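Structure first, then comments.
The values are calculated or read from the model by the stated rules, or taken from the named source; none is laboratory data. Note that this is a predicted model, so its numbers are computed, not measured. A quick note on method: Cβ atoms are made from the backbone with ideal geometry, for glycine too, and the neighbour counts reach across all protein chains shown.
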Amino acid sequence: MELIEKLTVLADAAKYDASCASSGAPKRSSKGKDGIGSTNGMGICHSYTPDGRCVSLLKILLTNFCLYDCQYCINRRSSDVPRARFTPEEVVTLTLDFYQRNYVSGLFLSSGIIQSPDYTMEQLIRVAKVLREEHQFRGYIHLKTIPEADPALIAEAGRYADRLSVNIELPSAESLVRLAPEKELISITGAMGTIDSASQESRFDKRAPAFAPGGQSTQMIVGADASDDSRILRTAETLYGQYRLRRVYYSAFSPIPNSPSSVPFQAPPLMREHRLYQADFLLRGYGFKVNELIGAQGNLPLDIDPKLAWALANRDLFPVDLNLAEPQVIARIPGIGVRSAQRIVDLRRLKRIRFDDVVRLRCVIEKAKPFMITSDYHPQQASLESSVLRRQLSDQPAQMALWG
Amino acid sequence: MQVLCCDDDFERWRAQARHLLMQQVAPHAVVWADQAQPQLFANAPNADEQPAIVPALPPPRVSAQLLGELETAAQYRTPGRWNLLYRVLWRVVEGERHAGLAGDEDGSELQRRIKAVRREAHHLHAFVRFHPLTDHPWLDYVAWHECAHDVLASASMHFAERLGRQRWLIVSSRDAVWYDGHELHYRRTCPGEWASLAARARDSGDPLWETYYSSIFNPARLNPEVMQGHMPLRFWAGLPEGHLIAGLISRARTGAQKHGQTEALAGKSGKVIRSLQQHSTANRKAP
């Protein structure tokens, strides 16, 4: 099979993994050195596809031959898709070529399970090792970790990769049993634990070799089973807490050709995925707990963002005086982010905060207005009922479904 | 009214501004002329060399941070760009420390320009497309890229970190930058020879990259507005994938794209892996 045909098959097979981040790596430079590649911790999106997704890494599978039969996956063994397999050398050449032309900042390599989990993991490691050792490649490498692989192989992968990820796949153990019969929650979390302890070790022992300095991430598929947002966010919160994950990615289940009857035929609204990312951001960046954002059951509202929903449910905490409140409290006002909150605090050391100052900081003023006080402004809407306010502030009815 | 010209050169503007501050010249009494906005009554283009009128103050001191911000904001292309910078500088020296902050009227504009310049540098790092040259005596890669602001000189060293000792050239319709493997050479006006090198490489496509781009796109999640928000239309012409976008969008919209598979694979015969034994046979047959 020609290289270009393999690329068609194995890029198509890789698109269902949402992550394409090239952030979190330590600073590396090739200036004046042999080899190529640099990272600066920030990550670069080199292109965007018409689905609005960033192209930051060459994201491909080594092969889409697979022994497993995960129902939500296009590459499951019972799926009638064209199959292909790259040699490790082909992936190395493609990565270096794409990198030098400035199409990508590195490689995100995953694979179907062939022969055995250990064999598959060895193949993935081989690509990273050749890139790093034979070509002195200093760009970003993200390796998908096969959960059932030997921990020694996971430890080896971490020496070459900036980021490792093990997909949790589904929000509950029961769904995993039903939809991914060959996978087990215990091996997935076991691999996460292996990665976490190896990375802690290398962090605390300066003589130890670096281990996946960009940390680990995972992906959860939304809408392939009946789990609600509460379940999804609670699973995420547990993973963040137990394994120090950098990111949990939420991937709205995407209908696949010849879909089995065990998974839905329709995708969940993309807005649901968006609201989960917003809630996740509040967990990671704003100090929110899942319990503040959602009840024991149910989904996040689609018409308003989770911070606004929280504020509407906690009207007794508002309005907040921007001239007096702590920055963490200001950042909890809808429409005002962590950075704007910091800018407000910087500015008020020099002068009293006025309404126009907030406008100039480019906060989402319509959202913030009912919840804030400045030296020249007190919200009239403060006395409005939450339900009325919600109607005023809800997002315009947008295209929520993919087709309909 | 003094009329000055700094030829869009930050160091020159800085020397002029310093001189003006020592002379206590207020912002309303001075204006910088530039090519985009020539001053109607420009009477003394060399005003910076005029003799001092009032007894000079000692040289003003400002923080390195403010100086850095002014230098970044100076790369923002707009008529009369230097006047705002002097006003901010003047106000800070006069004790209005918030004049450079986003909450201030001038500071807000300054910060907006800084943000736009940083974004443009990021666009440079993201959307430059290098074309390899074979057997060229002083060059390995060449690119054509149009920046909306003057970031080519300040932001290009990024590529030396990426590409090690390789030699590359980035050309625009105004300026150009060449890295010879050791040092960066900036030209305010792009030499004709460089421009023709870049022009020749400009239209060469790359089938592998175009294949990857089409294949990684998920038509079931079509969302062109988000794409365009991140990747403004003005860059598309410079991207090998640019000419594919319209087709991918319209086929995803009009075709029956109810799932995410790339159209190149639709209708191709597949391979079900029926059992473990059969699988290992299939595996051995795989290339």
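Screening segment B:200-213 for residues that are at the interface with another protein chain (Cβ under 8 Å from one of its Cβ atoms) and part of a helix (DSSP H, G or I) and picking the one that is surrounded by the fewest Cβ atoms within 10 Å (Cβ to Cβ) gives B:PRO207. Mind listing just one residue for me: the one in segment B:88-120 that is acidic (Asp, Glu) and more than 12 Å from chain A (Cβ to nearest Cβ) and, of those, farthest from the chain's Cα centre (by Cα)? Here the residue is B:GLU94. Among the residues of segment A:121-171, the one identified as on the phi > 0 side of the Ramachandran plot and assigned to a loop (DSSP other than H, G, I, E, B) is A:GLN136. The residue pairs whose first member lies in segment A:325-351 and is farther than 19 Å from A:LEU282 by Cα, whose second member is charged (D, E, K, R), and whose beta carbons are closer than 7 Å, counting only pairs six or more residues apart or on different chains, are A:LEU347/A:ASP357; A:LEU350/B:ARG97. Annotation: A:ILE353 fulfils all but one of (1) of a type outside the set (Phe, Trp, Tyr); (2) in a helix (DSSP H, G or I); (3) within 24 Å of B:GLU96 (Cβ to Cβ); the unmet one is (2). Of all residues in segment B:214-224 being assigned to a helix (DSSP H, G or I) and among the hydrophobic types (A, V, I, L, M, F, W, C), which is farthest from B:TYR141 (Cα to Cα)? Out of the qualifying residues, it is B:ALA220. Of everything in segment B:121-140 that is farther than 16 Å from A:SER56 by Cβ and of a type in the set (Phe, Trp, Tyr), the residue that is farthest from the other protein chains (Cβ to nearest Cβ) is B:TRP138. Yes or no: B:LEU197 in the same structural domain as B:TYR141 (by TED's automatic domain parsing), in a helix (DSSP H, G or I) and crowded, with 19+ Cβ neighbours inside 10 Å? In short, yes. So how many residues does segment A:44-67 have that are more than 8 Å from chain B (Cβ to nearest Cβ), closer than 28 Å to B:GLN228 by Cβ and touching a strand residue (DSSP E or B) at 6+ places or on another chain (Cβ under 6 Å)? Number satisfying all stated conditions: 1. Residue count for segment A:75-93, restricted to those that are of a type in the set (A, V, I, L, M) and either surrounded by fewer than 22 Cβ atoms within 10 Å (Cβ to Cβ) or not assigned by TED's automatic domain parsing to the domain that holds A:THR8 (or both): 1. Annotation: of all residues in segment A:29-43 being surrounded by fewer than 17 Cβ atoms within 10 Å (Cβ to Cβ) and under 23 Å from the mean Cα position of the chain (by Cα), the one that is farthest from the other protein chains (Cβ to nearest Cβ) is A:GLY41. Among the residues of segment A:217-273, those identified as under 22 Å from B:ARG221 (Cα atoms), assigned to a helix (DSSP H, G or I) and of a type in the set (A, V, I, L, M) are A:ILE232, A:LEU270, A:MET271. Looking only at residues of segment A:45-71 that are under 15 Å from the mean Cα position of the chain (by Cα) and among the hydrophobic types (A, V, I, L, M, F, W, C), we find that the one that is farthest from B:GLY242 (Cα to Cα) is A:LEU57.
A count restricted to segment A:77-101 and to residues that are in contact with a Phe, Trp or Tyr (Cβ under 9 Å, 6 or more places away or on another chain) and touching a residue at least 60 places away in the same chain (Cβ under 8 Å) stands at 7.
Annotation: of all residues in segment B:141-156 being touching a strand residue (DSSP E or B) at 6+ places or on another chain (Cβ under 6 Å) and within 13 Å of another protein chain (Cβ to nearest Cβ), the one that is farthest from B:ARG113 (Cα to Cα) is B:TYR141. Only one of the numbered conditions (1) more than 14 Å from chain B (Cβ to nearest Cβ); (2) assigned to a loop (DSSP other than H, G, I, E, B); (3) at pLDDT 95 or above; (4) surrounded by 15 or more Cβ atoms within 10 Å (Cβ to Cβ) is violated by A:LYS307, and that is (2). Say whether the condition of being within 16 Å of the chain's Cα centre (by Cα), surrounded by 18 or more Cβ atoms within 10 Å (Cβ to Cβ) and not acidic (Asp, Glu) is met by at least one residue in segment A:258-270. Checking segment A:258-270: at least one residue is within 16 Å of the chain's Cα centre (by Cα), surrounded by 18 or more Cβ atoms within 10 Å (Cβ to Cβ) and not acidic (Asp, Glu).
Just a yes or no: is a residue in segment A:325-336 of a type outside the set (S, T, N, Q), closer than 21 Å to B:HIS98 by Cα and more than 30 Å from the chain's Cα centre (by Cα)?
yes
Based on this model, can you work out whether A:ARG83 counts as closer than 30 Å to A:PRO255 by Cβ and within 24 Å of the chain's Cα centre (by Cα)? Answer is no for this residue.
When each of A:PRO147, A:PRO82, A:PRO117, A:PRO151 is tested for being over 29 Å from B:PRO132 (Cα atoms) and facing chain B (nearest Cβ under 9 Å), the lone residue that passes is A:PRO82. Scanning segment A:1-13 for residues that are surrounded by fewer than 23 Cβ atoms within 10 Å (Cβ to Cβ) and more than 7 Å from every other protein chain (Cβ to nearest Cβ) yields a total of 3. Whether any residue in segment A:90-105 is closer than 29 Å to B:ARG129 by Cα, among the acidic types (Asp, Glu), more than 24 Å from the chain's Cα centre (by Cα) and within 14 Å of chain B (Cβ to nearest Cβ) is what I want to check. Yes, some residue in segment A:90-105 is closer than 29 Å to B:ARG129 by Cα, among the acidic types (Asp, Glu), more than 24 Å from the chain's Cα centre (by Cα) and within 14 Å of chain B (Cβ to nearest Cβ). Candidates A:TYR140, A:TYR160: the one that is within 29 Å of A:LYS31 (Cα to Cα), of a type outside the set (A, V, I, L, M) and buried (at least 24 other Cβ atoms within 10 Å of the Cβ) is A:TYR140.
Within segment A:229-246, the set of residues being in contact (Cβ under 8 Å) with a residue 60 or more places away in the chain and either in contact with a Lys or Arg (Cβ under 8 Å, 6 or more places away or on another chain) or exposed (fewer than 15 other Cβ atoms within 10 Å of the Cβ) (or both) comprises A:ASP229, A:ARG246. Being without any contact (Cβ under 8 Å) to a residue 12 or more places away in the chain and at positive phi holds for only one residue in A:GLY37, A:GLY41, A:GLY32, A:GLY24, and it is A:GLY32.
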